[in-house]
Amino acid sequence: MISYGQHQFPGKLFVVEGTDGSGKSTQLALLYQWLKAEGYPVFFSEWNSSPLVKDTTKRAKKRHLFTPATFSLLHATDFADRTERDIIPPLKAGAIVLADRYIYTAFARDVARGCDRHWVRDVYSFAVKPTAAFFFRAPLNVAIDRIVSGRPSLKYYEAGLDVGWSDDPEESFTIFQGKILEEYDRMVSEFGLTVIDASRSIERQQREMRMLIGPYLNRKKRARSN
Amino acid sequence: MPGVEQEQYSGKLIVIEGTDGVGRSTHTALLRTWLESRGHAVLDTGMTRSILAGRGIKEAKTGHTLGRLTMQLFYATDFIDRLENEMLPALRAGFVVLTDRYIYSAIARAEVRGIDSAWIRSIYGMALVPDAIFYLRIGTAQQLVERLLSSGRGFDYWESGMDLYLGEDFYDSFIEYQTRMLKVFDRMTGEYGFHVLNASRSVRSVAADLRKAVMRVLDETGPSAEDNVSVIQPRRDKAATTKAGATLLDLNKKALP
């Protein structure tokens, strides 16, 4: 088993992180289009996408079966499957892997829920260290407004209702997101996350991302057809 | 850790461990009936029986895409769900919790698969230290094969360690895989203080030994003074074992400098 920071692959791994509603998925989708157009082999991987774990997660969320520890472990199971299936093989093949949410999402959410900070980091120590990790930082009220206005109702675990801070979904969500943001801020120096100011225009953020990623790209890896 | 606070509870946690096919489930069932007949409330549990992850693991195992790390974490999810939602509440309510396999099988399977042993132990760090761990030991993998065939079960993909490519066929792979498992269990015997029971004897005599030993755990006097039980007394590390509510994390901290 190879630990975080010890893997050596020809491919590159870029991840986006941030609170819900920070616009990170939009940015990653734009990056994906650009890299593809430039002729790079790109592979996209997103949080909570393991076909092996999907049904279990869905059922547990619906029936409120999770505790903070099992929530953490089942998401780690999902992430392990992603790592073994979608992340390591393309990296070995020299591709660019783009990940929408990575281990930092678990570190932020699980610790906000009350899991031990060291324990969660230990659980995920098998993860490949990203080439660069972008943290889309939006002011708390902006992120909350985007989510709350964008959907009919907040989901149970999304709002952190399982923790019991408040019975009011919106209030609980606000407390939860505040704690998550605190954890992200703490991780900026711990893991060397690149902070992107998510309150600026989509175009400006995308220009910044492309500029930051440029130096890591190997022009020779582009497909001949382009 | 969330959900698992250090606490005193009135129940007893009794673990039955052993490799595949040594008779763990037979003995767990016998022990349960016997304990209930003596007036103890019993909860029995075992791997992949969690409401949360049991079904998902079984489904994943029927396919061919379950990676090594994913498997360990799926099992850990199953274990912690049973720990928090079944074992702990039962222990608090004064039950005898009988568990067919515990974290030791999970650790052994991980180690045989080349998984970092500090990693897997850290994941299970929130497990409770059992009041007793009975290891049903059989000497060789060949003996396990005999049992497997006479029980009519035959070879199973995972019990044969086929995911490890250890041999040409199920038989070769089974022998190699179970031999490695037996080695890891032997190593853990001293480390975690297993009570070893020679499982190559008749079901009846193993069950008799098990009852005597369980009676001691429950502080009850046995029916017979004659005590020719082949139970190897575990190393009694006072600080680390059988303190109700102490976690293995503490045990690890003490064991690791």
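Side notes on the structure shown:
- Taken over chain A, lysine pairs spaced eight or more positions apart, or on distinct chains, with alpha carbons under 18 Å apart number 16.
- A straight chain from B:Ala93 to B:Glu59 at 0.36 nm per residue would run longer than the Cα-Cα distance by 8.9 nm.
- Dimensionless Rg over Rh [the stretch B:88-147; C-alpha; Kirkwood]: 1.06
- A Cβ-based charge dipole, computed about the Cα centre of the stretch A:12-214 with Lys and Arg at +1 and Asp and Glu at -1, lands at about 540 debye.
- Rounded to the nearest 20 debye, the dipole size of the stretch B:111-220 about its Cα centre is 480 debye, using +1 on the Cβ of Lys and Arg and -1 on the Cβ of Asp and Glu.
- Cα centroid separation - the stretch A:11-66 against the stretch B:121-196, whole Å: 38 Å
- Simple label model, 7 Å out from Cα along Cβ direction - A:Asp197 to A:Glu46, nm: 2.9 nm
- Cβ-based charge dipole, the protein assembly as shown, positive-most Cα from A:Leu181, B:Thr140, A:Ile196: A:Ile196
- Comparing A:Ile96, A:Leu212, A:Val120 along the charge dipole axis of chain A, the residue lying farthest to the positive side is A:Ile96, per the Cβ-charge model.
- Counting DSSP beta bridges with both ends in chain A, the antiparallel % (nearest 5): 0 percent
- Entry note, chain A: the mean residue ellipticity at 222 nm calculated from DSSP H runs of n ≥ 4, each adding -39500 (n - 2.57), is -14500 deg cm²/dmol after division by the residues and rounding to the nearest 500.
- Overall dimensions of the stretch A:89-128 by Cα: Rg and Dmax, Å: 12.8, 38
- With an a/c value of 1.5 or above and a/b not larger than b/c for the gyration tensor axes a ≥ b ≥ c computed over the alpha-carbon atoms, the stretch A:12-214 is described as oblate.
- For chain A, built as a Gaussian network whose Cα springs stay under 10 Å, the top-fluctuating residue of A:Pro215, A:Pro41, A:Pro130: A:Pro215
- Among beta bridges that DSSP assigns inside the protein assembly as shown, antiparallel share in %, nearest 5: 5 percent
- Counting Cβ atoms of other protein chains within 10 Å of each Cβ in A:62-73 and taking the mean gives 6.
- Computed on the protein assembly as shown, the Cα convex hull volume stands at 161 Å³ per residue.
- Separation between Cα centres of the stretch A:135-171 and the stretch B:64-105, rounded to whole Å: 32 Å
Coordinate-derived values only; no laboratory data. Here the structure is a predicted model, which is why all the values come from computation and not from measurement. No Cβ is skipped: glycine too gets one built from the backbone with ideal geometry, and neighbour counts run over all protein chains shown.
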